[in-house]
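Enquirer: Attaching a single structure in structure tokens format; questions to follow.
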Amino acid sequence: MAELVLALETSCDETAAAVVEGGRVVRSSVVASQVDLHARYGGVVPEIAGRAHLERVLPVVAEALGRAGLGVGDGPRLQGVGATVGPGLVGSLLVGVSAAKALALAWGVPFVGVNHLEGHLYASLLEAPELPAPAVVLLVSGGHTLLVALEGPGRYHLLGGTLDDAAGEAFDKVARYLGLGYPGGPALEAAARAGDPRALRLPRPMLEEGLDLSFSGLKTAVVTKVRAQPQCPTPDVAASFQEAVVDVLVHKALAAAAASGARAICLAGGVGANGPLRERLAAAAGAAGLAVYLPSPAMCTDNAAMIAAAAAARLAAHGPDGLDAGAEPGLGFPGT
């Protein structure tokens, strides 16, 4: 039997566990969402998130084991237990890290700490193991917007990133300002479907300035425009903002591919589920003669399968981590 790795992901507001076989085959992936708990506050409340993880983590692990054809008594058959150690909310991270270390200790198997951002890179490799290399990964989530050169498992380097707000964070903040609800990204995308993306003239920050990005000014521009033109319909505002973000992301991804000699571009992170971004990136990459990979929505959002795949690779390359490893909420991209 190929190696089996169980992993936990609790970096923010999703309690997730998964079993991956051989670093590539997803035997099970379970995600318990907390959207209902945080919706009334318009965003994630760290204390509520941590308490919910504490209540849900063991049932989610039990379900992931069961779907993989395993039970708690089969833990010693695993080759490792992984967990996201950062970046993320410290209270949330501590629940997953503590649970994973306890299980590893009880079963007598190795523990592996995983960088959440590295996990997102493995999400692409899980569904597209033959992804042409080198490739550029556009990683866009609520907390991070990064351009990464991917040469293969464990071989990548950072090309550029946001200097302030991440794209997902800007989506959430603009959605909250417009009163569109939570989670902001999907709510804003839904509102934009009925809007005119040319209704407002908005900036495309740093479009021709290297491979770094910035979205804070764009968010402020939306507020300024709405105050100056209060009669502008909300769907038009949403569509104009979304168009500006997509323009920047697609342009930067193509520029990164050209600069790094990439043969392919792929998306990662929760914003990677955005329909217009997926359509525009696919069209632009195709026109440039690049292969493009758009992961399934389940692999875009936070999940433990990607953490298990990264854990398996790290275990093979570097061995286990000590049980004294802790949560690192400010952890940066690997190697930076």
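The values are calculated or read from the model by the stated rules, or taken from the named source; none is laboratory data. The model shown is predicted, which means the values in this text are computed figures rather than measured ones. Because the Cβ atoms are built from the backbone with ideal geometry, glycine has one as well, and the counts that use them run over all protein chains shown.
Enquirer: Out of the range 263-290, which residues are part of a strand (DSSP E or B) and either over 16 Å from Pro129 (Cβ atoms) or more than 21 Å from the chain's Cα centre (by Cα) (or both)? Quick ask: steps written out before the conclusion?
Expert: Applying the first criterion (part of a strand (DSSP E or B)) to the range 263-290 yields 264-268.
Passing the criteria: Ile265, Leu267.
Enquirer: Does at least one position in the range 146-154 carry a residue that is modelled with pLDDT under 85 and touching a helix residue (DSSP H, G or I) at 6+ places or on another chain (Cβ under 7 Å)?
Expert: Yes, the range 146-154 has at least one match.
Enquirer: Okay, moving on. Looking for something touching a His at 6+ places or on another chain (Cβ under 8 Å), not assigned by TED's automatic domain parsing to the domain that holds Gln34 and not β-branched (Val, Ile, Thr) - is there at least one such residue anywhere in the range 190-206?
Expert: So in the range 190-206, the residues touching a His at 6+ places or on another chain (Cβ under 8 Å) come out as 204.
Now narrow it down to the ones that are not assigned by TED's automatic domain parsing to the domain that holds Gln34: 204.
Still in the running and not β-branched (Val, Ile, Thr): 204.
Yes, some residue in the range 190-206 is touching a His at 6+ places or on another chain (Cβ under 8 Å), not assigned by TED's automatic domain parsing to the domain that holds Gln34 and not β-branched (Val, Ile, Thr).
Enquirer: Let me ask another. Would you check if Glu208 is of a type outside the set (A, V, I, L, M), at pLDDT below 95 and either in a loop (DSSP other than H, G, I, E, B) or over 22 Å from the mean Cα position of the chain (by Cα) (or both)?
Expert: Taking the combined requirement at face value, the residue satisfies it.
Enquirer: How many residues, within the range 1-46, are in contact with a Gly (Cβ under 9 Å, 6 or more places away or on another chain), modelled with pLDDT under 95 and within 21 Å of Val90 (Cα to Cα)?
Expert: 6
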